[in-house]
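Down below is the structure, laid out as structure tokens.
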Amino acid sequence: MCRMEFDSWRPGQEVTSDDETDSVRIVVGGVVKIVCESVRGSPVTVGLVGAGGFLHLVTGPPEAVWHVRAVAHTPALVGILVDSAWREVACHLRVEEGLRLAACAWQTLSRRLYEKCALLSLPIRGRVLHELRVLAHEFGSPHPAGICIDVPLSHADLASLVGAARANVTRAVGALRAAGLLAQTPGRLVLTGGVEGRA
């Protein structure tokens, strides 16, 4: 911890550091969203990262890698571990610990890539419900009506997550409410159908 630097970010601010390529950033508090710029239309939100999550973005020439940014979704506190400190930590890991860390990172990336590809075959209502279940798993807290997603989410946020027009997402949210799968409390969505199940 003594080798880390900390910065706070307001919602909408891009989470940056002086050394973009070699530093490892860890979300200490709040929520940060990973945003991928689109050639046409609005940016796509790849996912939301909560406390304890790592932010290490792919960099490269524009023609090879789409511009990926980390943006504070809520007020966020981010710890920055510079390359020299990160390498020192990595050198002290046992072989099995290093392999476990690499495997965990690969499984997480593979799962999200598979999910995003599989979502394209679903109707918008199914996409919205799936992303809400993912968010309920990662940010959920018990609620009398089900599971409260303890992150502020607008219809525009959901549209960016599922890759659909905001108006279509609004209709899908309405359909989920009518079906008894979704409720709302002030500033939060409540998944009443649980984290599992079908759309």
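With a requirement of 1 or more residues that are over 20 Å from the mean Cα position of the chain (by Cα), among the polar types (S, T, N, Q) and outside the structural domain of PRO43 (by TED's automatic domain parsing), the strands (runs of 3 or more DSSP E) lying completely within the stretch 89-199 that satisfy it span 182-185. Filtering the stretch 88-131 to residues that are polar (S, T, N, Q) and either surrounded by 10 or more Cβ atoms within 10 Å (Cβ to Cβ) or on the phi > 0 side of the Ramachandran plot (or both) leaves GLN107, THR108, SER110.
The set of residues in the stretch 133-154 being more than 15 Å from THR185 (Cα to Cα) and of a type outside the set (Asp, Glu) consists of ARG133, VAL134, LEU135, HIS137, PHE139. Going through the stretch 149-170 one residue at a time, which ones are touching a residue at least 40 places away in the same chain (Cβ under 8 Å), farther than 20 Å from ARG112 by Cα and in contact with a helix residue (DSSP H, G or I) (Cβ under 8 Å, 6 or more places away or on another chain)? Scanning the stretch 149-170 gives ASN168, VAL169.
The values are calculated or read from the model by the stated rules, or taken from the named source; none is laboratory data. It should be emphasised that the depicted structure is a prediction, and the values quoted were computed from it without experimental measurement. Cβ sites come from the backbone with ideal geometry, for glycine too, and all protein chains shown count toward neighbours.
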